[in-house]
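**Student:** I'd like to ask some things about the structure below.
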Amino acid sequence: MAELYSKSQPTTSQILSDSSVRSVERAIEVLFSFTQQEPVLDIPALQQRTGLSRPTLYRLLRTLETRGLIYSFGNPLRFQLGARTGLLASTWTPAPGVSSFSVQ
């Protein structure tokens with residue numbers, strides 16, 4: 001069985017994880033582009049902040065919107081964080097041990 005997976009060929013999980021990580025990193029970049037000072041952004045602003053191409057941005061934004069993490073509106077099209085980002089924020093808790101540190 002070990003012969004099936006030679007060292008020169010990546011496994012299916014390695015191939016999938018390599019492409020998935022890149023997409024996730026890009027999606028996170030898009031989400032972190034929004035700030036309290038600028039909660040609404042258009043495509044040119046998102047391109048400037050992320051360095052991503054217009055087609056890539058539209059694909060990521062469409063995916064994030066279907067999951068409720070981005071909301072789009074208007075003409076020209078603008079974007080803001082969706083309601084489900086609030087759900088993520090509301091479920092956050094400090095990592096174990098982090099809250100036990102105190103500044104003396």
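**Student:** Would you mind ranking 40, 24, 30 by Cβ crowding within 10 Å, fewest neighbours first?
**Tutor:** Going from least to most buried by this count: 24, 40, 30.
**Student:** Return the FRET efficiency for the residue pair residue 90, residue 35: r is the Cβ-Cβ distance, R0 is 30 Å, and the value is rounded to the nearest 0.05.
**Tutor:** That gives a FRET efficiency of 0.95.
The numbers here are math on the coordinates, done by the rules we state, and not lab data. All values reported here derive from a predicted model rather than from experimental measurement. For neighbour counting, all protein chains shown are included, and Cβ atoms are generated from backbone atoms with ideal geometry for every residue, glycine included.
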